[in-house]
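See below for the structure under consideration.
What follows is calculated from the coordinates using simple rules that are stated; it is not laboratory data. For clarity, every value in this text was computed on a predicted model and none was experimentally measured. Cβ: placed from backbone, ideal geometry, glycine included. Neighbour counts: every protein chain shown.
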Amino acid sequence: MRSRYVAYVKQLSPYLLQTWCLKNRPENIEFDPNIIWKKLTIHSKKKGRKKDREGWVSFSATYEVSFKGLLLKEKSFFLRDQDNHWCYVSGLFEPV
């Protein structure tokens, strides 16, 4: 989760695509140049240990657009791929 957040901050689309599960991976990622990511807070996680094949992470990320502070809250679902690496499957936005 943290590495994907950093990839959004640095606009590293190759890394984001590499860590996205194949079944729902977009063809490309376009970044909004007006978004400035400020902080990631991990609230909880379920499973996701070395022995697990799946895991969930609840997080919030603060960001700024046109000097206005905003908050994104999501519960993300991850699976291990065929090489045993974690890949992002989907996220459920949570109300702010």
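Scanning for something in a strand (DSSP E or B) and within 12 Å of the chain's Cα centre (by Cα), does region 7-17 turn up at least one residue?
no
Suppose we filter Ile35, Ile42 for residues that are hydrophobic (A, V, I, L, M, F, W, C) and either out of contact with any strand residue (DSSP E or B) (no Cβ under 8 Å at 6 or more places or on another chain) or farther than 13 Å from Met1 by Cα (or both); which single one remains?
None of the other options fit; the residue is Ile35.
Taking Phe59 and the conditions (1) closer than 21 Å to Tyr15 by Cβ; (2) surrounded by fewer than 16 Cβ atoms within 10 Å (Cβ to Cβ), which numbered condition does it fall short on, given that it satisfies the others?
Condition not satisfied by Phe59: (2).
Which of the numbered conditions does Leu71 fail, given that it passes all the others? Conditions: (1) within 24 Å of Pro95 (Cα to Cα); (2) in a helix (DSSP H, G or I).
It is condition (2) that Leu71 fails.
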